[in-house]
Amino acid sequence: MPRKNKFLLALALIAGIVFVVVMVQLKQPPERTAGKAAATPARILEVTPLTVRTEARGYGQVLPARSWKAVVNVGGDITWRHPDLDSGNLISEGTRLLQIAPTRYELVVASARADIAGLEAERRQLDQEEQNTRELLELENCRLALAQRELQREKTLADSGSLSQTRLDEQQRTTLQQQQAVQSLKSQLNLIPVQQGTLKAYLARGESALASAREDLEDTRFEAPWDLQVHQSEIETG
């Protein structure tokens, strides 16, 4: 290619590039439109707090899981009644429901305790008597041994003619009296176990009477055995 043609081609290429650059610089950017959010109308309601009572309804026969019927085991006037002891009310476990006049039963408990205290005192006295009798019996046995030795000595003297029969008879009476004293103490000791057994029986009966009196006293007070709902209440105080 002739040199002149090459020059023209390069000049045309340069002119084309300049034209493209100028056109890019002069091109206007697209117009931007500020976006506006569409307004949504809102309704405002003023809310007032209300107390709502939930009610559940069921159909069919309803039975309690467990039931309790208060039965009066003791007599007396009802001196106090729980104010909520009416049909349909709920009562918590351990709540006192009724109170029967307890004075009479408190006196019975006090009397039973007094009887037991008296029997206990008699038993202690009998134990002391047993100890004293045993000690006295030991002493009387020693005296009896001395009397028997003295009697044996005087018999020896009487056989040899060194002691009169009257003196020997007197020692024999003394020894016999000492034997009777020892036997009397032994009889007393033999009776003590019988007396102790009798007192033991009286104490057992007294303890039984006291337990019965305490139960009667407890029966004057009624408490709810568990959380319950009153089904029916027919009680009159006074």
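The values are calculated or read from the model by the stated rules, or taken from the named source; none is laboratory data. Keep in mind it's a predicted model, so treat the numbers as computed, not measured. Cβ placement follows ideal geometry from the backbone for every residue including glycine, while neighbour counts extend to all protein chains displayed.
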Quiz item: Does residue 81 meet the test of being surrounded by 14 or more Cβ atoms within 10 Å (Cβ to Cβ), among the basic types (Lys, Arg), more than 23 Å from the chain's Cα centre (by Cα) and more than 17 Å from residue 235 (Cβ to Cβ)?
Solution: no
Exercise. Test each condition in (1) touching a residue at least 24 places away in the same chain (Cβ under 8 Å); (2) among the small types (Gly, Ala, Ser); (3) part of a helix (DSSP H, G or I) for residue 184 and report the one that comes out false.
Key: (1)
Quiz item: Of all residues in the stretch 65-111, how many are outside any strand (DSSP E or B), farther than 19 Å from residue 228 by Cβ and not aliphatic (A, V, I, L, M)?
Solution: 10
Quiz item: Here are some conditions: (1) at pLDDT 95 or above; (2) under 45 Å from the mean Cα position of the chain (by Cα); (3) over 27 Å from residue 109 (Cβ atoms). Residue 232 meets all but one. Which one does it not meet?
Solution: (1)
Practice problem: Go through 36, 4 for me and flag whichever is part of a loop (DSSP other than H, G, I, E, B), among the basic types (Lys, Arg) and at pLDDT below 65. | Solution: 36
Quiz item: Taking the condition assigned to a helix (DSSP H, G or I), touching a residue at least 24 places away in the same chain (Cβ under 8 Å) and not β-branched (Val, Ile, Thr), does residue 135 pass?
Solution: no
Quiz item: Consider residue 114 against the criteria (1) touching a residue at least 12 places away in the same chain (Cβ under 8 Å); (2) of a type in the set (A, V, I, L, M); (3) under 15 Å from residue 214 (Cα atoms); (4) part of a helix (DSSP H, G or I): it satisfies all of them except one. Which criterion is unmet?
Solution: (1)
Quiz item: Taking the condition modelled with pLDDT under 90 and over 60 Å from the mean Cα position of the chain (by Cα), does residue 164 pass?
Solution: yes
